[in-house]
Amino acid sequence: MKAYWRLTWAQLLLFARNKNTVIWSLFLPIFMMLALGTLMGDSGGTQFSLHVVVADEDQSAVSRELVKTFREAEGLKVSAADRDSGLKQVKSGDADLLVQLKKGLGERLASSGEKGSPNRVALYLDQTDPTVSEVGSTVVRQVIDRINKERLDYQPPVTVQEVNVQSRPLGYIDFLVPGILSLMIMTNNLNAVAATIASWRERGILRRMQGTPLSSSTFIAGQITARVMLNGLQALAVLLVAYFVYDVHVYGSWWLLLFFILLGTLTFMSMGFIIASLAKTPESAAPIAGLISFPMIFVGGIFFPVRDLPGLLQPLVKAIPIGYLTDSLRGVMNEGASLVQLWVPASVLGAWLIVSFTVAAWTFRWDVK
Amino acid sequence: MIRVQHLVKVYDGVKVVDRVSFEVEEGEVFGLLGPNGAGKTTTMEMIEGLREPDEGRVTIDGLDGSRQRSAVKETIGVQLQSTALFDHLTVEEIILLYGSFYRRMRPVKELLRSFDLEGKAKTLVKHLSGGQRQRLAIAIAVVHDPRVIFLDEPTTGLDPKARRSLWEIVLRLRDEGRTVFLSTHYMEEAEQLCDRVAIMDAGKVIALDSPAGLIRQLATDSVVEFLPEKDSTVGFRDLDGVKEMKWSEDGTAVVLLTDDLQATLRGLISRADEQGVALSGLRTRTATLEDVFLKRTGKRLTEG
C-alpha cells in the first residue's frame, strides 16, 4: 500500500515537472476548444452565412423588391454587381453564389406569367462545396417561390410546422467539448503511456524496480491512479473554461461523467501498455501509438458526427472504442443521459477494457529482452 | 551466503553463461572479474532473480532463487550497471520511493549522511554528477538494510576521485557486516577491494581465489616487460627463472613471468649484449591479476 501511494505521488510529481505534459495535455485541449469554438461560432447554433452577389439586370420595381427580400433573408450577405464580375467572385471563392435577375423579370411577374419567358432568374454556384450550394440554392428557391406564390395568390392546402426536439439550446460547441474530452483521454493515455513505458523499459528504470519486491500490479495500479487524477483534472479544466466562455453545461450526472472518464482512461491506458510491450524500441512505440490514435480522431465522432462518415467506414466505427466514449460523454453532458440509457456504449467500452487489460497484463515485461 | 550451481544462459544459440558455479561467503567482498562481454552481468542478473536461468540454481541465504523470489528480493540490494533513475525526482523522493517497495526502510537522513548526499536531498537527479548519481544508486540498493549487496561495475565511467570514494563505500558496506558481490573489469579494483575473485571469460569461470592466491598460482611473482628491436629473433624463454613468455596484445612488447627476478634480469642483459640487441622500455613490476588473466586466456583484460 505504501508503495502504491509513493508510486502514484511520484508519477504526479513527474507530470507536474514535465513541461510537455502540462502544455500538451492541458493547454492544447483548451486552446483547441477556443480556436474551434471561435471558428465555428459559439453557442448560437448554426451560424451559417452566405455571400450572395445579385446582378439586377432588370432594374424594375419588382426586381428591386426581390433584392430587398434577399437582403432581409436570414444568413445572407448580399452585394450588388454585374453578372461578369459576380461570376468572377464566385469562381475565386470571394462570393458563394451569384443570382442573375434577367431583363424582363418584372414584366413577366407583373403580367402574372402571361408575357415573356419564365426563365428569368439564373443561379450560379460552385458545386464543389455541397453544403454551400445546397443551402444557397434552397434559400434562393424559397425566396423566388414565395414571390411566385404571392403573385398567384396561392394558399398551400398543407403546411409543415417545424418543431425543435432539443429542449436545450445546444450548438456546435456543446457537441465539440465532449469530443475534446474524449480526444484528450485517448491521447493522454494511449500515446503517452506507450511512449513513457517503452522509454522507461529501454532506460532500465523498470528493471531496477524489478530488482525490488515491487509487484507489477502495484506498479500498474499507481500509474492508473495518477493518470486518472490527471485526466480528471484536465477534464475539469476544460469543462470550466467551456462553462465560463461558452456557457456549456453538464446536464447529466458528474459522477457518471467521471465514470466514463475512468472507463476511457483505463481502456486506452491498457492499449498503451500493449503497444509499449510490443514495440521493439521506444522510438517505434510513439509512431505506432500515433498510427492507431490518429485515424481514431477522424472516425471517433470528435469534431463531426459519426453519421457524416461514408458508409464504408461504419463497421469500423462500430468496432473501435473511441466513438463509444465520445457518445457516452456527449450523452451525459448534452442530454443528461443515465447509465441505463448508455448501457450499449458502456458495455462496449467495458468489453474493450477487459480484453485490452488482459492482453496488457499478459504481454507486460519489465525488461527489454 | 550465495550458492550458484551450474548456471547456464543461452542467447541465440550462444552460451553466454556456461555452467558457472561458485559460493560466496557471508561478510566477504566477492568479485567477478572479466572483460566486457564475458557474461558477468548476465550471471549477476540471474543470481538477483532478474533473469531466468536456462539451467542451474541459485540459493541466497538458504532461499531458493527462483521459488522464493520475493523473499530473496527483501534480502538483497541491487545496483545495476548504469542505473537509470527518474530524472525529475529529487534525491530524497527517489530514496522514499524505493524505500516504499520494501517492508523495512532505513531513515532517509541516515542514508543521505552515509552516502555523502546530505546537501543534495532536494536536488533533482538530473542535476547530480556521475559520482553522486552512483552513490545514490548504491544508497537505494541498501535502503532496506539488506544483508547482500550486488554492485554491477559500480565505478565504470567515474573519474579517479569518485572511484576512490566508491571504494571506501564498498569497504564500509563490508565492515557493516554485509556481503558484497561486485563485478568489474578493472583488475586494480578487484585487487584492492575483493576478498576473493572469480575470473570470468567467454561465459566460464576460469579461476577463483583471493587476489594474492591467484597471483601465487602463477608460480611467479615478478614480470619483466620490454620492447625488443623489430624482427629480433633472439629467444628469451630459456632465461633463468622465466616461467612464461608472452607477447603483448599489440605484438610489440615481450612479457616475461619470472620467479627469480635478479637471475632473469642478469641473463636478459647479457643475452642482449651478446646479440647486440637494444632493449627499450625495460621495466619490472610485481605480477597482478592482469597477468593472471593474460596467462589464463592469452588476452588482456582491458583493451589498450
**Item:** Verdict on A:Ala337 being among the small types (Gly, Ala, Ser), touching a residue at least 24 places away in the same chain (Cβ under 8 Å) and outside any helix (DSSP H, G or I)
**Value:** yes
**Evaluation of B:Val16 against (1) over 22 Å from the mean Cα position of the chain (by Cα); (2) part of a strand (DSSP E or B) (one fails), failing number** = (1)
**Message:** For a quick check of your reading: which strands (runs of 3 or more DSSP E) sit entirely within the stretch B:174-223 and have at least 3 residues that are assigned by TED's automatic domain parsing to the domain that holds B:Gly241 and within 22 Å of B:Leu257 (Cβ to Cβ)?
**Reply:** none
**Request:** Go through the stretch A:1-38 residue by residue and tally those that are buried (at least 18 other Cβ atoms within 10 Å of the Cβ) and of a type in the set (S, T, N, Q).
**Result:** 3
**Item:** Members of the stretch B:62-88 found to be surrounded by fewer than 20 Cβ atoms within 10 Å (Cβ to Cβ) and either away from every other protein chain (no Cβ under 11 Å) or under 16 Å from A:Leu7 (Cβ atoms) (or both), listed by number
**Value:** B:Gly62, B:Leu63, B:Asp64, B:Ser66, B:Arg67, B:Gln68, B:His88
**Asked** Can you tell me which residue in the stretch B:122-131 is modelled with the lowest pLDDT, limited to those that are more than 14 Å from chain A (Cβ to nearest Cβ) and crowded, with 17+ Cβ neighbours inside 10 Å?
**Response** B:Gly131
**Asked** If you go through the stretch B:29-57 one residue at a time, how many are crowded, with 17+ Cβ neighbours inside 10 Å, within 27 Å of B:Trp167 (Cβ to Cβ) and away from chain A (no Cβ under 14 Å)?
**Response** 11
**Prompt:** Within the stretch A:194-205, is there a residue that is among the β-branched types (Val, Ile, Thr), within 14 Å of another protein chain (Cβ to nearest Cβ) and in contact with a helix residue (DSSP H, G or I) (Cβ under 6 Å, 6 or more places away or on another chain)?
**Reply:** yes
**Prompt:** Among the candidates A:Ala95, A:Ala55, A:Ala81, which residue alone is in contact with an Asp or Glu (Cβ under 6 Å, 6 or more places away or on another chain) and under 22 Å from A:Asp129 (Cβ atoms)?
**Reply:** A:Ala55
**Request:** Evaluate the following for B:Ser165: is it of a type in the set (Ser, Thr, Tyr) and outside any helix (DSSP H, G or I)?
**Result:** no
**Prompt:** Within the group A:Ile147, A:Ile173, which residue is over 21 Å from the mean Cα position of the chain (by Cα) and either under 25 Å from A:Ala35 (Cβ atoms) or at pLDDT 75 or above (or both)?
**Reply:** A:Ile147
**Conditions (1) free of Cβ contacts under 8 Å to residues at least 12 places away in the same chain; (2) surrounded by fewer than 21 Cβ atoms within 10 Å (Cβ to Cβ): number failed by A:Arg208** = (2)
**Message:** Suppose we keep only residues that are hydrophobic (A, V, I, L, M, F, W, C) and in a helix (DSSP H, G or I) within the stretch A:206-228. Which one would you say is farthest from the other protein chains (Cβ to nearest Cβ)?
**Reply:** A:Val228
**Prompt:** Does at least one position in the stretch A:310-320 carry a residue that is assigned by TED's automatic domain parsing to the domain that holds A:Trp255, in contact with a Gly (Cβ under 7 Å, 6 or more places away or on another chain) and among the small types (Gly, Ala, Ser)?
**Reply:** no
**Asked** For the subset of the stretch B:93-121 comprising residues that are in a helix (DSSP H, G or I) and of a type in the set (Asp, Glu), which member is nearest to the other protein chains (Cβ to nearest Cβ)?
**Response** B:Glu93
**Asked** Any residue in the stretch B:124-136 that is assigned by TED's automatic domain parsing to the domain that holds B:Ile47, of a type outside the set (Ser, Thr, Tyr), under 25 Å from B:Glu45 (Cα atoms) and touching a Pro at 6+ places or on another chain (Cβ under 9 Å)?
**Response** yes
**Request:** Would you please name the residue that is farthest from the chain's Cα centre (by Cα), looking only at residues in the stretch A:1-40 that are among the β-branched types (Val, Ile, Thr) and away from chain B (no Cβ under 14 Å)?
**Result:** A:Ile23
**Request:** Working carefully through the options B:Gln134, B:Gln192, find the one that is out of contact with any Asp or Glu (no Cβ under 6 Å at 6 or more places or on another chain), closer than 14 Å to B:Val91 by Cα and of a type outside the set (Ser, Thr, Tyr).
**Result:** B:Gln134
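The values are calculated or read from the model by the stated rules, or taken from the named source; none is laboratory data. The shown structure was predicted, so the numbers you read here are calculated from the model rather than taken from an experiment. Please note: Cβ atoms are built from the backbone with ideal geometry, for glycine as well, and neighbour counts cover all protein chains shown.
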